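Worksheet for the structure shown next.
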Amino acid sequence: MEEYIETIDDLEEDGSQPLFEHFRFVVDAGQAPVRIDKYMQEKMQHSSRSRIQKAADAGFVHVNDRPVKSNYKVRSGDVVTLMLDRPRHDNSITPEDIPLDVVYEDDELMVINKPAGMVVHPGAGNFHGTLINAIAWYLRDNPRFDPNDPEVGLVHRIDKDTSGLLVIAKTPEAKSNLGLQFFNKTSRRSYQALVWCNFTEDEGRIEGNIGRDPKDRLRMMVFSPDSEIGKPAVTHYKVLERFGYTTLIECILETGRTHQIRAHMKHIGHPLFCDERYGGTEILRGQRSSTYKAFIQNCFKLCPRQVLHAQTLGFVHPKTGKQMDFTSPLPADMQAVIEKWRGYIHGTTNITIEE
């Protein structure tokens with residue numbers, strides 16, 4: 001969305017130019033009346049409400065094939081479209097020869113161990129080099145798998161800089177079955193994370209709706225479960241190891257919202273270590289000495305991303321009915337920074353500045 005309407009100020013609809021459909025939404029049954037700018041903001045993650053309003057004012061937001069203003073209230077069954085004066089970017093997925101760590105594979109599905117730094121799906125400036133591009137290449141000789149068909153492929157996602165396990169459906173039947181398991185919360189997922197600060201308790205539960213931060217569209221915020229903002233989210237956590245100023249924890253998700261663990265941990269005062277977007281690259285606990293600051297900077301260099309790994313994944317096989325459980329070992333960068341903290345807490349870490 002951002003790339004399409006960033007120049008809205010320069011556009012004027014005079015009725016003579018052809019318009020091209022960029023986005024289409026059908027409003028769900030039972031949807032309460034809500035302003036269209038707010039509705040579209042929830043649906044389009046890389047857009048701001050002000051830009052949607054500009055698009056509507058310029059005549060580019062349509063409902064049931066007619067332009068509407070930003071104060072229009074959507075109703076059940078409305079067909080909402082964004083129509084612009086230029087063709088949409090070609091988002092078709094092309095196969096790319098990128099190595100994959102395939103943990104398991106059969107005719108119905110694949111389980112992949114994604115490295116940190118790899119975007120899962122093309123979009124928002126990342127149209128190449130993604131996990132889906134790699135899968136398209138890996139399955140290029142499979143006539144049943146079309147990477148551009150939404151009825152196959154990714155069942156769930158993890159962030160670019162989060163490592164760990166993902167399940168890919170090769171058939172529509174498998175995706176429907178697995179998707180239902182995730183929706184009904186019968187799938188099993190656990191993560192390991194290094195977070196700032198020490199926990200006084202050994203385990204706990206975080207509940208709070210997750211929605212986009214109105215001040216930063218690339219970050220999520222936690223809202224009251226009683227509010228109508230965002231979507232319900234629940235995270236369970238358990239302390240695995242304490243390092244004084246940081247803590248290694250296990251997180252088990254009841255829900256799978258965007259940035260769920262990152263936003264929930266920030267909300268309770270425990271941002272993920274080295275998570276720049278949520279404040280984890282600040283030195284939140286510890287000494288003020290130059291040697292301690294150097295130690296923290298060395299840790300950031302060892303694992304220059306949020307210290308979060310999707311470690312376990314479990315589900316019922318969509319065809320055989322067999323329970324499938326997978327575990328991924330911690331990647332080298334996470335192991336290194338955890339060992340660094342173990343050494344620090346036991347007084348054995350060399351905290352001179354490393355080149």
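Numbers at a glance
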| item | result |
| --- | --- |
| Ellipsoid equivalent to region 128-265 - semi-axes via the Cα gyration tensor, in Å | 31, 18, 15 |
| 0 to 90° range, to nearest 10: angle between helix 332-345 axis and the chain longest Cα axis | 40 degrees |
| Range of Cα positions in region 195-289 per principal axis (Å), largest first | 43, 28, 18 |
| Sequence of Y138, Y245 from largest to smallest accessible area, 1.4 Å probe | Y138, Y245 |
| Semi-axis lengths, Å, the chain, gyration tensor of Cα atoms, sqrt of 5 times eigenvalues | 38, 26, 20 |
| Sequence ranges 260-272, 164-176, 328-340, 197-209, ranked by mean other-Cβ count within 10 angstrom, highest first | 260-272, 164-176, 328-340, 197-209 |
| 222 nm mean residue ellipticity, helices alone, for the chain (DSSP H n ≥ 4; -39,500 (n - 2.57); rounded to 500) | -6000 deg cm²/dmol |
| Proximal lysines to K43, defined as alpha-carbon separation beneath 27 angstrom and excluding residues fewer than eight positions away on the same chain | K54, K69, K73, K114, K160, K170, K175, K185, K215, K231, K266 |
| Solvent-accessible ranking of D213, D141, largest area first, probe 1.4 Å | D141, D213 |
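The values are calculated or read from the model by the stated rules, or taken from the named source; none is laboratory data. The shown structure was predicted, so the numbers you read here are calculated from the model rather than taken from an experiment. Glycine also receives a Cβ, built like all others from the backbone with ideal geometry; neighbour counts cover every protein chain displayed. All accessible areas refer to the heavy atoms of the entire protein, side chains included, with ligands and DNA or RNA removed. Shrake-Rupley method; radii C 1.70, N 1.55, O 1.52, S 1.80 Å.
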